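Undergrad: Can you keep this structure in mind? I'll have questions shortly.
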Amino acid sequence: MKLYGALEAGGTKMVLSRLDENGTMLERVSMPTEHPDVTLPAMMAWFREHPVAALGIGSFGPLDLNPASPAYGSITRTPKLAWVGVPLLARFREELGIPVGIDTDVNGAALAEATLGAARGLSGCLYVTVGTGVGGGLIIGGKPVHGLTHPELGHQLLRPDPRDPMPEGVCPYHKGCVEGLTAGPSLQKRWGVPAYELPRDHVAWDIEAGYLAQLCHNALMAFSPEKIILGGGVMQQDFLFPMIREKTVALLGNYLASPAVDNGLADVIVPPGLGVNSGVMGAWLLALEAAGQPFPAA
Ligand code: ADP
Ligand code: ZN
């Protein structure tokens, strides 16, 4: 039986797994994201001890995902400056001598949800994580979307809520973008307590749901996804789902004609079908793809 590697490369931690050809996880280890001179050799060592036929990487980014670029599979820009320019794909491919596939962490998660999870059997979906940052992965026609670079749905600009005491948000690149307004660190900075300590009836959540509803409205208008899957730490507050659905329906203003809208978007704006495993299963699928293996049938 062939074994496949999955690397969930995050700015805080690296999670390395080995799975079999059915997607059953055999081993898993997590290590902090330190300097690449430390963390890259540690990851290589783990995969040498746990050999795999191919590796899939779902990584933080932005990444260079243009196959024609000499820097294909490199990290292009990150506040973790030591990782800027690190050629993740090339390093693993050369040092392990195996096929390696790479995409953004959220495109990987979206691919897993479209293949095995909440959007199984559909042609596409949007996967958004609201955690330390906000990232969006987009599948259209069964394929993760890439273009000029890759979609960055977390940096769309939003209309400020008049009740928001910090309407410019905390993103160092943009004023009033989704990530700067809705990610965990933004909630903490705005309200002075960690997001998970904010009581349910705090106005913070009404504002949060309104911003995420703007994201959903924009996504429905831009890509018409059949599912918008919302994951990440902040979405553990699952009372947000009905609030976001209701506010999205209100923003749509009766414009979109679809039974799904008449149904209050209950089947459209949903949590991940794979729970916390979307990321690892996405990386596993990227490994299968790199090895030229077909995806499991939906
Ligand atoms: P990451 O984005 O780093 O992969 P998470 O998705 O767990 O990790 O997101 C971490 C962020 O989510 C933190 O800012 C944290 O405050 C927030 N968070 C984690 N758990 C909860 C929770 N139960 N309720 C609200 N916010 C949470
Ligand atoms: Zn931004």
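Undergrad: Select from the stretch 156-178 the residues that are open to solvent by less than 50 Å² (accessible area, probe 1.4 Å) and in contact with a His (Cβ under 8 Å, 6 or more places away or on another chain) and write down the one among them that is farthest from ligand 1 (Cβ to nearest atom). It would help to see each step written out before you state the result.
TA: Of the residues in the stretch 156-178, the ones open to solvent by less than 50 Å² (accessible area, probe 1.4 Å) are 156, 158, 161, 164, 166, 169, 171, 176-178.
Retained after the next criterion (residues that are in contact with a His (Cβ under 8 Å, 6 or more places away or on another chain)): 171, 177-178.
Details: CYS171: 14, CYS177: 16, VAL178: 14 Å.
Of everything passing the filter in the stretch 156-178, CYS177 is farthest from ligand 1 (Cβ to nearest atom).
Undergrad: Can I ask one more? What is the residue count in the stretch 40-57 for residues that are within 19 Å of GLY282 (Cα to Cα), over 22 Å from the mean Cα position of the chain (by Cα) and assigned to a helix (DSSP H, G or I)?
TA: Number of matching residues: 1.
Undergrad: Take the residues in the stretch 119-135 that are surrounded by 24 or more Cβ atoms within 10 Å (Cβ to Cβ) and under 20 Å from MET281 (Cβ atoms), then tell me which one is farthest from ligand 2 (Cβ to nearest atom).
TA: Within the stretch 119-135, the match that is farthest from ligand 2 (Cβ to nearest atom) is ALA119.
Undergrad: Select from the stretch 179-230 the residues that are of a type in the set (S, T, N, Q) and within 16 Å of ligand 1 (Cβ to nearest atom) and write down the one among them that is surrounded by the fewest Cβ atoms within 10 Å (Cβ to Cβ).
TA: So the residue we want is GLN188.
The values are calculated or read from the model by the stated rules, or taken from the named source; none is laboratory data. Note that the structure is predicted; figures quoted are calculated from it, not measured. Every residue, glycine as well, gets a Cβ built from its backbone with ideal geometry; the counts of neighbours run over all protein chains shown. With ligands, DNA and RNA removed, areas are computed over all heavy atoms of the protein, side chains included. Shrake-Rupley method; radii C 1.70, N 1.55, O 1.52, S 1.80 Å.
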